[in-house]
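> One structure is given below, represented as structure tokens, and several questions about it will come after.
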Amino acid sequence: MLRPIMLVEDNPMDVDLTKRAFAKRKLTNPIDVARDGEEALARIAEWDAGKTQPVVILLDLKLPKISGLDVLRALKSHPVYKRIPVVVLTTSKEDADVDTAYSVGANSYIVKPVDFEKFMEVAGQIEMYWGVVNTPSSNYL
């Protein structure tokens with residue numbers, strides 16, 4: 001069974017765009033969507049209970065309830081789940097957001113393209129790198 005890709009995104013249009021981009025690329029990993037920061041952090045209890053951990057987390061920064069940066073801080077400070085790669089996928093190009101995300105532990109920072117074809121390229125790069133090229137730690141599998 002393939003491990004899911006977790007998408008933490010509150011904008012329904014961006015959720016749909018991401019799902020369509022991955023489907024068009026024939027990505028076979030299931031997509032697990034958390035629609036706000038609180039829902040994303042609730043996954044920790046689910047993983048503790050045995051639910052399969054994601055292969056990668058795609059995290060928006062601008063989220064309701066709990067910000068994406070706070071979600072990132074919580075994940076990267078967790079003794080077990082800090083190894084899950086987190087790719088910030090957001091509209092923010094602000095230097096402060098980029099710098100803070102990396103200082104907190106983001107594995108990558110991608111500014112969401114507006115154009116669907118460019119988004120398809122990004123989806124393909126995410127799929128190729130995190131699903132095929134990258135070798136995760138054996139402690140994480």
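The values are calculated or read from the model by the stated rules, or taken from the named source; none is laboratory data. It should be emphasised that the depicted structure is a prediction, and the values quoted were computed from it without experimental measurement. Virtual Cβ from ideal backbone geometry, glycine too; neighbours counted across all protein chains shown.
> Could you list, in sequence order, all residues of the stretch 77-129 that are in a loop (DSSP other than H, G, I, E, B), of a type outside the set (Val, Ile, Thr) and free of Cβ contacts under 8 Å to residues at least 60 places away in the same chain?
Residues of the stretch 77-129 that are in a loop (DSSP other than H, G, I, E, B), as a first pass: 78-80, 84-85, 91-94, 105-107, 112-115.
Still in the list and also of a type outside the set (Val, Ile, Thr): 78-79, 85, 92-94, 105-107, 112-113, 115.
78, 79, 85, 92, 93, 94, 105, 106, 107, 113, 115 - these are the residues of the stretch 77-129 that are in a loop (DSSP other than H, G, I, E, B), of a type outside the set (Val, Ile, Thr) and free of Cβ contacts under 8 Å to residues at least 60 places away in the same chain.
> Another question about this same structure. Looking at residue 10, is it acidic (Asp, Glu) and either in contact (Cβ under 8 Å) with a residue 40 or more places away in the chain or part of a strand (DSSP E or B) (or both)? Working first, answer last.
Working: acidic (Asp, Glu): yes; either in contact (Cβ under 8 Å) with a residue 40 or more places away in the chain or part of a strand (DSSP E or B) (or both): yes.
The answer is yes for residue 10.
> Select from the stretch 1-34 the residues that are within 12 Å of the chain's Cα centre (by Cα) and modelled with pLDDT of 95 or more and write down the one among them that is nearest to residue 121 (Cα to Cα). Lay out the reasoning, then the answer.
First pass over the stretch 1-34, keeping only residues within 12 Å of the chain's Cα centre (by Cα): 4-9, 15, 18, 31-34.
Now restrict to residues that are modelled with pLDDT of 95 or more: 6-9, 32-34.
Numbers: 6: 19, 7: 17, 8: 20, 9: 19, 32: 21, 33: 21, 34: 23 Å.
My answer is 7.
> Given the condition surrounded by fewer than 17 Cβ atoms within 10 Å (Cβ to Cβ), in contact with a strand residue (DSSP E or B) (Cβ under 7 Å, 6 or more places away or on another chain) and assigned to a loop (DSSP other than H, G, I, E, B), answer yes or no: does some residue in the stretch 60-67 qualify?
Yes, the stretch 60-67 has at least one match.
> Scan the stretch 28-40 and tell me whether some residue there is under 27 Å from residue 103 (Cα atoms) and in a loop (DSSP other than H, G, I, E, B).
Yes, the stretch 28-40 has at least one match.
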